[in-house]
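Below is one structure, written out as structure tokens, with a few remarks after it.
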């Protein structure tokens, strides 16, 4: 797993736990490979959704970290995208997002 992902985690956030969780869910279930679709509707829908996720990632460092984790889970050397580095697996991404959630919202840990 790429430790740079963990190193990019912010110390705090201005977003609520509910908003953080919803964004993390949207990133997890986004069709990261929409760009490879031959179906124009799938491509447009995926492109619009990704643009929204990227725009939201600029609003808070917590969102940015979640976006980077899920991007790294799909675009990495194991998936044939060596230019993006080692990345992480989907399972590792889930663990990293849970770790970030615990760091930012310690009151819900445990």
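What follows is calculated from the coordinates using simple rules that are stated; it is not laboratory data. Just so it is clear, the model here is predicted, and its values are computed rather than measured. Cβ placement follows ideal geometry from the backbone for every residue including glycine, while neighbour counts extend to all protein chains displayed.
Using only alpha carbons, the chain has a radius of gyration to Kirkwood radius ratio (Rg to Rh) of 0.98.
By how many degrees, between 0 and 90 and to the nearest 10, does the Cα long axis of helix 90-104 differ from the longest principal axis of the chain? Approximately 30 degrees, to the nearest ten. Stretching the chain fully between residue 92 and residue 6 yields a gain of 29.9 nm (0.36 nm per residue, less the alpha carbon separation). In the chain, the longest principal axis of the Cα atoms and the axis of helix 40-57 are about 30 degrees apart. Highest mobility in the GNM of the chain, judged by mean-square fluctuation with C-alpha springs under 10 Å and restricted to 91, 49, 22, is found for 91. With neighbours defined as other Cβ atoms within 10 Å of a residue's Cβ, the residues 42, 97, 66 order from fewest to most as 42, 97, 66. Helix 17-29 against the longest principal axis of the chain: what's the angle in degrees, Cα atoms only, rounded to the nearest 10? Roughly 30 degrees between the two axes. Rounded to the nearest 500, the 222 nm mean residue ellipticity of the chain from helices alone is -18500 deg cm²/dmol, with -39,500 (n - 2.57) taken per DSSP H run of at least 4 residues.
Rounded to the nearest 0.05, what FRET efficiency do residue 52 and residue 28 have when you use their Cβ-Cβ distance and R0 = 22 Å? FRET efficiency, residue 52 to residue 28: 0.90.
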